[in-house]
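In what follows, a structure is listed as structure tokens, so that the remarks can point back to it.
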């Protein structure tokens, strides 16, 4: 999979958040998206998932056949997106059935995150760090080439961060792509960095008229 972003701009609640963002990623590449709070890191990920339309710019994805960009990605937001009344295994089974392209079983995915013992426990009983690991286990139950991660190390201890780093390394070694929005230093060897500087009020740069979003 190859992903290209050109001249991307975002406006929310009537205000320009960022403009003129551009980057290109190919198999095995990683991008760390940085910037202060409110700069637009999460908004960029929302645009890539299709939940938010850009004000301007173009997103192009190639080498994925007939699949659209949302069909090629996993997204783990800063909120875990888990159903508290369901067990860890049930949450992952639902994700696998919803997303398709099954890979690991829920139990095997949890084992990879050091949580095999939590398979039958309701998520409501788990700690914040354990919930985060369940959310990250979704990356393993379905095979998708692009991982979008919003503050992926939030609530993770050092050991869990090392597990996450190994998972990202393995994904990239298989030709996968990783885009991670973060305030912290991530263990992503060779990753490019995209620092977003939020447009100042009243001083937003000019951008072209919105183009068709590819």
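The values are calculated or read from the model by the stated rules, or taken from the named source; none is laboratory data. Keep in mind that this is a model prediction, so the values were computed, not measured. Here Cβ is always computed from backbone atoms with ideal geometry, including for glycine, and neighbour counts include all displayed protein chains.
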From the option list 78, 74, single residue qualifying as at pLDDT below 95, closer than 22 Å to residue 169 by Cα and under 17 Å from the mean Cα position of the chain (by Cα) is 78
Requested in this report: Taking residue 118 as the residue in question, decide whether it is farther than 23 Å from residue 185 by Cβ and at pLDDT 95 or above.
Outcome: yes
Of the listed residues (166, 143, 180), the one being in contact (Cβ under 8 Å) with a residue 24 or more places away in the chain and surrounded by fewer than 23 Cβ atoms within 10 Å (Cβ to Cβ) is 143
Checked pairs for the stretch 56-77, first closer than 15 Å to residue 142 by Cα, second at pLDDT 95 or above and part of a strand (DSSP E or B), C-beta under 6 Å and 6 or more apart or across chains, list as 72/146; 73/146; 73/148; 74/147; 75/148; 76/149
Here the residues within the stretch 149-183 that are within 15 Å of the chain's Cα centre (by Cα) and part of a loop (DSSP other than H, G, I, E, B) are 151, 152, 153, 154, 176, 182, 183
Looking at this structure, is residue 133 farther than 23 Å from residue 48 by Cβ and outside any loop (DSSP other than H, G, I, E, B)? yes
Of the residues in the stretch 82-99, those that are in contact with a strand residue (DSSP E or B) (Cβ under 6 Å, 6 or more places away or on another chain) and under 19 Å from residue 114 (Cβ atoms) come to 87
